[in-house]
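Please treat every number below as a calculation from the coordinates, not as lab data. Since the model is a prediction, treat every value here as computed from it, not as a measurement. Reconstructed Cβ throughout: ideal geometry from the backbone, glycine too, with neighbour counts over all protein chains shown.
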Amino acid sequence: MNTLYKITSVLMLFMGTLAISAQDNRTLDTKVADILMQLPTEDLDHSDRLMQEIIDLGQDGILKITDKLVPLGSGDDTKARYAIQSVAIYSGGEESLIQNGVVENALLKALGSASNNEVKTFLMDRLIYVGTDVSVPVLSKYLPNNDLFKPALAALTAIGTTDASLAILEATEIGDVNKQAAFIEALGALRFAPAEEVLKAMVNSSSKIVQQRALMALAEIGSPTSYEVLEKAVAGSNYQLDDTKSIIAFIHYGNKLQKKGNKDLSNTVANALLKNCKIDSQLHYRSAGIHILSANEGPAFTKTLLKESKNGNKNYVGAVLDAAGSDLSSTEVALWVKQYKKSSAEIKPLIIRMLGNSEEAVVFDKVILKAVEDKDVAVREAGIKSLSYQDKNKALPVLFNSLKLATSPEEYTAVEETLLRLCDAKDSQLLAGHLPNVNEAGKEVLINVLASRNATDQFDTLVGYIGTGSENVSGAVYKALPSISSDKDFSALMSLLNKAGKSENIKNAQQAILNILDASNGKYADTVFKEYKVATDKSKLLPVLASLSNQEALELVSQRLSTGNDNEKLIALDALSSWKNNDALPYLFKTATTTTDDAIRKNAFDNYLAKVRKSDYPDDQKLLLVRKLMPEAKTLAEKKQVLSAVRNVKTFLSLIFVSEYLNDEELVTTASNVAIAIALPTPGKQDGLSGEVVRDIVSKSIDNLTGPDSQYIKIDVKEFLDKMPSDKGFVAIFNGKDFKGWEGLVKNPIARSKMSARKLAAEQAKANEQMMKDWYIENGVIGFKGEGYNNICTIKDYGDFEMIVDWKITNGGDSGIYLRGTPQVQIWDIARVDVGAQVGSGGLYNNQKHESKPLQVADNPIDEWNTFRIKMVGERVTVHLNGVLVTDNVVLENYWDRKQAIFAKEAIELQAHGEDLGFRNIYVREIGSGDEQLTEEEKKEGFKSLLNGKDLDHWVGNKTDYVMENNELLVRPKRGGHGNLFTAEEYSDFIFRFDFKLTPGANNGLGIHAPLKGDAAYEGKELQILDDTAEIYANLKPYQYHGSVYGIIAAKRGALNPVGEWNSQEVIVKGNHIKITLNGTVIVDGDWKEASKNGTADHKEHPGLERNTGHIGFLGHGAELAFRNIRIKDLSK
C-alpha cells in the first residue's frame, strides 16, 4: 500500500508539473500582454492571481500597462484601463499587497508623463484607492488647474491624512470661488479642525456658495468656538432658509455637538431654534431643536414636549411625539395618558401610536379601551391597531368586541390586520367560535383570518355558512377553500364545486381540488372520473381533469372540446393548455386547424404555440411542432406569430425556416428580426450559429431591422459577422428544386470498385434513368413513388461529416440513410412490431457486433416530419432524432465486408423500400479528419497525422484546456492556465505541418526538442504562435513576433492571415537548421547555433540550444485558438 501511494504521488506530481510548466522567462512586454489578454476574468480567484502577477512585475511592468492608455475615443485601451482599475482596487483593499507602494509609485510616474487631461484624470481617480502621503505633493500641483482640480481633490480627500488636508487648506487661497467651494467642502468632509479660522473668514465671502460651504464645513467640524459665527449667520437669515442655507448648517452643528457629548452647547443651539422658529414655515426647524433637547434632557423635558404637543399643526405634533420616543418611564406614560384625554380627535391617533407598545396597565385601561369606543372612526381604528402590541389574552376579547360593534370598512380592516398579527393556527377554534356573534362583515373578517392560518380543522364549520348567509359570506368561504381544505374534504369539495354558480366560487373550489390532486399522486382519479360522468355541468371539472393529465382525462376533455357548447369548448381549451405534459398538443393543433369558430380557433392557435414554447421538448422537436402550424396560419398576424415562436429555438433549421420568408414583403421584417435572434449568441452563452449559409441569411436580414433598438442590434450583428469563423458550416446537398448533386445508386462500394470504367458508366446511366422514374421532387421535398428498392446517393463522397435532414414516412414505411455507402441509420414505422420496429428509428440496423438498436424511441407519428442530426467521425456514429440522443458514438460496421473497416469516404444514400416517404432540408457539414486529411503525396512521403479526430491518446500533458472537437484541437483555457500539451513521442529531425486559427490577441507557442518539465522556451526551443497585430503586442522585440525562434531568431512579418482565418505553417528541422514557411512565405531560415554564437537575442541562457531531440508541444498562455491538420514526417527514420 505504501509503495502504491508513493507511485501515485509521483504520478500526480509529474502531471501537475506538465500542467503548470510555462514561460517563466518571458519578457516584460510578453508578460504584460499575456495578463491583459486574460482580462476580464470569469471568477474572482483568477482576477486576484492576475493582480498579484501585475504587482510582481514591479513599477516597470505597471508602466507598460499605463503606457497603453489613450484618450477616450482615440483607440481601444479597454484592457489596460480594466487592469489599472483592478490592480488599484486590489492593492488598496489589501494593505499588505501594496508592497512598498509599487502601484502608487507607478501611477504617479505615469501621471507625470501623461499629456492628456482625460488620461491624467483616469490615473488620479485610481489614486483614490492606493494613494498615501507620497501622492500629496504631486496631486497638490493640480489643484489650481481648472480641468484637473476635481480628480486631484477627490484623491487627496480619499487619502485623508494631515498632509493631504493641509494641501487642500492651502489651496483655499486660490481666488476662484468654485474651486474654493470645492476645497471647503472637502475640509468639512475631512473634519479638519486646523481649518476652522480660515473657514470662519470664508463665511464673509461675497460668494453665497462659498458662504454655504464654509458654514456647513464648520458645522461638520463641530468646534465649540464656531458657535458665534454660525449663530450670527442664522440670525441674519431670520432662521429661515436662504441662499447660504445657514439654518441647515446650524441644525447640523447642534446634532454634531450632541454626538460629541457637548450637551450644554447643543442645548444652546436647540433653545435658539425654539426661541426663533415659531411660525408654521419654521416648525420643521423647531422640531430639530425639540429632538436635540429631548435626547439631552430625557424625562426632564417631558413637560415641554407635552406643551409642544398642543400645537395645532399635526405634522409638527407628530415630530414632537417622535422626539418623546417609545422608551418612556411610568411617570412619563402617566403624563401622556393625561394629555391624551385633553387632545383633539386629530391628535389622539398620534398619541395612541406613541403609547401603543407600552406595557403599562394605564395605557390599556385609559387609552386603548377608551380609543376603541371613541366616537371618531380614526381614533377607533388607531386603538384597534394598537392592540397588536398588547398582551394577546387581554387584546383578543377587546378585538372581538370591536369586531361586533364595527360600523366602518376601516374598522373591519384594522381588526383583520390585528388578528393576523396576534393569532396563529392554534387559535382557529377560538376564532371560529366567534362567528355566530358577529354580523356578515365580521364573519368575512374571521373567515379571512382562518384562511390565512390554514385552519383545516374548521373546514366543516366554515362550509356550514355557505348558503346560510349573504353572498359575500359564501364567497369568503369559497375563497378560503384552497387554504382550509385537506384530503378528508375531497368529496365535500366535489359537491361544493357542483353547487357553485358564480365564476369566482367555481374557480376557488377548483383550486382547492387541484391542490389536493397535486399532492395525491393519482389517489382521487377514479373519484373525479365518477363525478364527471354524473355531473350536470361537466365544464366545471375540465380544469380538474387537466390536473390528472392522464390519457383517460385527455379523452374526456377532448370529447367536450368536440361536442360541448362554445363556453365549454373554451374551458376545455384552457384545460388542455394547462396540461402537465405535452400530450395535449395534438388536440390543440387539431382544434386550431379544424374549427370554424374564430374565438375558439384563436384560443387554440395561441395556446398551442405557447405550450410548445414552454414545453420540455428539445429544440429540434419544438421547431417541427411550430413549423407545421404555418400552413394553417390564415392571417398576417398569425404568420408573424408562428415566426416569432421560433425566436428562441436556436437551431440551424430554425434559421432556414424563417429565412424562407425573407422575400415576403409582409413578413420580411419579422423574419429578419427572428433570424438575427436565432443566429446571434444569447448573452452570456456561446450558442451563436456560424457558416456561409448563416452569414448570407444574417447579412440579408440586417437591413430589414426596425424598432427603437434596431441601431444597437445592427452594431451587434456587424460585430458578430466580423468575428464569425470563415468555415463553410452546413451546406445544402439538396437544393429543393432538382436532383443536382444526386444520382441513382449502382450496387455497393465494393462491387463498384471491381467494375471497369465503361461498365460503371453504363450502370450509372441505368441507375440515373431509374432514379427519375422512382423519385420525384415537390414543394422542396424528395419523394419516392416507385415500387422497388432503388436508392439514390450523393455524387460527392464524404468522409467525416455532420448531417441534418428532415424525413417522414407513411403507414408501414421502412427506409434509412446509408453513411459512406453503408447501411444504415434506420427509419421505420414503429407500429411494425412484427419486424422489431417498436424500438424506434435512428439505430444502426445492420450492426451485428456493435449496438444496433436506438437508446430510446423518439419518433413522431407517421405522416409527420422528423429531424435527424447524424454525426460520423471515423467509424463512429452519433444520432439525435428530434433532438433526442438515440445512438451514442457507436461503430458502424461494414455491411458489405465485415472483415473490412468502414470506407474512409463514400456517398450518402437515401434508401427506398417501396413505400412513399419524404426527405427535405438536407444539409451536411464536412469534418476534416486525421490521415484522411493527408494528401496522396504526403502519404507517399511518410507523413502521419497526429490527430485521430476523437481524442488525445497520443498526447500528454494538459488535456483539460486542450480538447478535440470536430477534428480540431481547440484551446479552451480555464481560469487562465498556462498548461502545455506535448506529443507522447520525441522527435529530432522532422517536418511538422499544421493549420492554426487565432483569436484577437491570442498567444501560444510551438515547443520543439522540449522536455516534459521546465520552461520549454529555454529548456527546448519555442516557435512563437501569436497575433502580433494586436495592440497589446505593439512593443514586442523582433524575436517575439509570430514564427520567431523565441529569443534566438527573428521571423519575417506580414504573412499571417487576418485573425479568425486559418493559417498553414510548415516547420522543417534538420540538425541545428530550421526553416519555417507560413502561408507559402518563408519567414525563418537559419541556424540557431550560428544565430547565437555571439549571444542570444534576448541575452538570456538557452540550454535547450544544446538539445537536438525532445517532444513537440503547444505552449499555452491562456488564449483561445484552434489547430487542425497536424501531421509530421520523422526525418530521423
Per-residue ³J(HN,Hα) for the stretch 420-430, Karplus 6.51 cos²θ - 1.76 cosθ + 1.60, θ = phi - 60°, Hz, x for Gly and Pro: 5, 6, 8, 9, 10, 4, 5, 8, 4, 5, 4
Tensor-based shape of the stretch 742-927 (alpha-carbon gyration tensor, a/c under 1.5 rounded, otherwise prolate or oblate): oblate
For a label point 7 Å along the Cα-to-beta-carbon line of ASP457, residues of the stretch 396-424 with backbone N under 15 Å: 423-424
Gyration tensor verdict on the stretch 931-1130 (Cα atoms; rounded if a/c is under 1.5, prolate if a/b is larger than b/c, oblate otherwise): rounded
Of ILE902, THR461, LEU629, farthest towards positive along the dipole that unit charges on Lys, Arg, Asp, Glu beta carbons give the chain: THR461
Correct option for Kirkwood radius over Cα pairs in Å [calculated from the coordinates] among (1) 32.7; (2) 33.6; (3) 38.7: (3)
Residue among THR41, MET771, SER577 farthest towards the positive dipole end of the chain, charges placed on Cβ: SER577
Stretch gain in nm, segment ASP518-GLU373, where the contour uses 0.36 nm per residue and the Cα spacing is subtracted: 47.4 nm
Backbone N within the stretch 714-754 under 18 Å of label point (7 Å from GLU936 Cα along the Cβ vector): 753-754
Size of charge dipole - the stretch 742-927 - debye, nearest 20, with Cβ of Lys, Arg +1 and Asp, Glu -1, no other charges: 760
Computed E for THR1081/ASP133 - FRET, C-beta separation, R0 51 angstrom, nearest 0.05: 0.35
Listed residue (ILE830, PRO861, ILE817) projecting farthest to the positive dipole end of the stretch 742-927, Cβ model: ILE817
Residue-by-residue Karplus 3J(HN,Hα) for the stretch 298-307, coefficients 6.51, -1.76, 1.60, Hz, glycine and proline x: x, x, 4, 9, 4, 4, 5, 4, 4, 5
Nearest-20 debye value, the stretch 628-685 charge dipole, Cβ charges on Lys, Arg, Asp, Glu: 320
Prolate/oblate/rounded label for the stretch 609-718 (Cα gyration tensor, a/c 1.5): oblate
Neighbour-count ranking [beta-carbon atoms within 10 angstrom, fewest first] of ASP616, ASP897: ASP616, ASP897
Reciprocal mean inverse distance between Cα atoms of the stretch 191-270 - Kirkwood radius, Å: 12.1
LYS718, LYS997 arranged by Cβ crowding within 10 Å, fewest neighbours leading: LYS718, LYS997
Relative contact order, percent, the stretch 742-927 [alpha-carbon distance under 8 Å, six or more residues apart]: 30
Cα→Cβ-extended label distance, 7 Å offset, between SER113 and ASP280, nm: 6.9
Between the stretch 227-272 and the stretch 476-491, the Cα center-to-center distance that results, in Å: 64
GLU552 versus LYS853: modelled label distance in nm, points set 7 Å from Cα along the beta carbon direction: 3.1
Inter-site label distance for ASN238 and LEU44 at 7 Å from Cα along Cβ, in nm: 5.7
Estimated FRET transfer efficiency when R0 is 60 angstrom, pair LEU1131-GLU778 (beta carbons, to 0.05): 0.50
Neighbour-count order for GLU104, GLU185, GLU965, fewest beta carbons within 10 angstrom listed first: GLU965, GLU185, GLU104
Computed E for SER486/GLU660 - FRET, C-beta separation, R0 56 angstrom, nearest 0.05: 0.50
Helix-derived mean residue ellipticity, 222 nm - over the chain, DSSP H n ≥ 4, -39500 (n - 2.57), to 500: -14000 deg cm²/dmol
Amide proton proximity set for ALA904, modelled H, under 5 Å, gap of 5+: none
Length added when fully stretched, ALA300-LYS342, from 0.36 nm per residue minus Cα-Cα: 13.0 nm
Phi to ³J(HN,Hα) by Karplus 6.51 cos²θ - 1.76 cosθ + 1.60 over the stretch 989-998, Hz, x for Gly, Pro: 9, 6, 10, 10, 10, 7, 10, 9, 10, 8
The chain - charge dipole about Cα centre, Lys and Arg +1 at Cβ, Asp and Glu -1, debye rounded to 20: 1340
